[in-house]
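Colleague: I'd like to ask some things about the structure below.
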Amino acid sequence: MKRVSLSVGFFVLLFLSGVQSASAVKLEAGEWDFGINGFMDGVYTWMSNMPMVMTNSSGMQMAGKMPEQSSLDQEHMNLLFGVKRNKIRVNINVDARNNYTSEGDGRGNLKFEEIYGEYTLNDFVRIRTGTILAPFGLYNSVRYITPLFATVVLPQMYEMPGNYDIGTDSINKNFTPSKASFMLSGDYLGDSTEINYYLYISNGKRAKSGRDENLDKGFGGRLRGTFLDNYKLGFSYYTVKNDEDSLGQERLYGADIELNLEELLKFEAEYVLDNFGKRKNRHTYYARLTAYIGTFSPFVAYDYADDDANALYKRGQTRYSVGTGYNVSNLVTIKAEYHYHKFSDKDTAPALVSGTDTIDMFRASVIYVF
Amino acid sequence: MLKTAFMLFLLSVTFTGTSFGGFVVIVNKENPVSKIKKRDLKNIYRLKKTTWKSGLPIHPVNLKPEDSVREDFSKKIVKKTSQSMIKFYLKRALSGEGQAPETAKSEAEMFKIVSGNKGAVGYASRGDDSVKTVPVE
């Protein structure tokens, strides 16, 4: 009750603050530019049920499902500190999650999502080093910045649904890489054409000996082209050996497309293939159409994720979504969406979980940007 | 007669430094640039192009969002409205890719900022002795 009242109070505060004008802190002192930006958001989630797989004391996997449930949480409090002097830039992105609970259950988490320094040699060459969100697909490098995407939750390739981990022969991992430590990037800027490239190195899993082995490093790259200002095509690749699931060499292949019709319609679609050395491939794809009508941005989306090695998702999960965003002001946005999940039947051995074939889910969020 | 009028028109376009009417583009007097391509100007205000050919960091300056000259410049050069660009700059800032350009409260302040920063570029409804006007190609 206390938690709910605190969360409600938070939302009221967001609305009240939304009627005031506010802006990020920006200071310029000589050749130095300082900037502080950030956002806060809260999310309400309701789901009709959720399949679960548990392992009992005998090591046997059991099927089941969680009943209808809902939650209201303050999800993020994100601060971005930026300093720039001539060709050098330093960014620090701090994210505090779920830290508004009053029950002291320890779920609060403060993380430095990104800390990096960047040197710009010219438009074609930029060098960035630190802790960097790996550029893969349309959203991996901004996956925690909820004001930047139209939906409450990202597609499954970036954010697998809860309870994905069944504990054996599978890991709770996304289809996209996590973070990189060194990146080279640059742009070719034409009249109505733009080419962006990114090359990066990441840390893989440390060897059991505890040493930082070079063979465990991950390598990735992304190439994106923008044509006639409105049509974008991208390709992403990442490979790592002995990543967190220790299943040999892993290779991620991604393709994405974004089509814009003036500022009225946007179509996005992505596909990712996750190839393992010792496990069957996983693959996922989605498509989304968003309209921009005044302060509203309604959308429809289709999303599919398949993982043959995971007893839960062996059957494949399809998610149909419909929702909208509403810009209360430049600083406050409300989003609401409905998801219909369906597990498909496959010719392969039936999934372990047969407790449910469908899940209904509703999500709403309020975001305040500063 | 028609030919003369056409030649006069061409000359006026060449020497006033703008093909678009409504605004002129200005840089610091010590900036060696003598003309600027429309695509470069667009990429400067989209925070994509950050250095001049000389290696000098570019410092773009905007007028206030409600200023009609800014709206005109934004539509003709960046191909977006001022309001769209406010959102664009906010997104760039949140993703750590750059801060919005400095905003001048008036054209007088615009001239002051540009004349005080070697890498600055801006625009106004007219030129000024303290800055250099450059034509847009």
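Colleague: State yes or no: is A:Met183 closer than 30 Å to A:Pro298 by Cβ and either more than 12 Å from chain B (Cβ to nearest Cβ) or at pLDDT below 85 (or both)? First the steps, then the outcome.
Modeller: Working: closer than 30 Å to A:Pro298 by Cβ: no; either more than 12 Å from chain B (Cβ to nearest Cβ) or at pLDDT below 85 (or both): yes.
When the stated conditions are applied, A:Met183 does not pass them.
Colleague: Which one of these is modelled with pLDDT of 90 or more and among the aromatic types (Phe, Trp, Tyr): A:Tyr313, A:Tyr320? Let's see the steps before the verdict.
Modeller: Numbers: A:Tyr313 fails: modelled with pLDDT of 90 or more.
A:Tyr320 is the lone residue from the list that is modelled with pLDDT of 90 or more and among the aromatic types (Phe, Trp, Tyr).
Colleague: Let me ask something additional. Just checking, which of A:Ile127, A:Ile115, A:Ile145 is under 19 Å from A:Asn37 (Cα atoms), of a type in the set (Val, Ile, Thr) and at pLDDT 90 or above? Walk me through it before giving the result.
Modeller: Values: A:Ile127 fails: under 19 Å from A:Asn37 (Cα atoms); A:Ile145 fails: at pLDDT 90 or above.
Of the residues listed, the single one that is under 19 Å from A:Asn37 (Cα atoms), of a type in the set (Val, Ile, Thr) and at pLDDT 90 or above is A:Ile115.
Colleague: Another question about this same structure. Kindly list the number of the only condition in (1) on the phi > 0 side of the Ramachandran plot; (2) assigned to a loop (DSSP other than H, G, I, E, B) that fails for A:Gly130.
Modeller: Status for A:Gly130: all satisfied but (2).
The values are calculated or read from the model by the stated rules, or taken from the named source; none is laboratory data. Values in this document were obtained by computation on a predicted structure and should not be read as measured data. Glycine also receives a Cβ, built like all others from the backbone with ideal geometry; neighbour counts cover every protein chain displayed.
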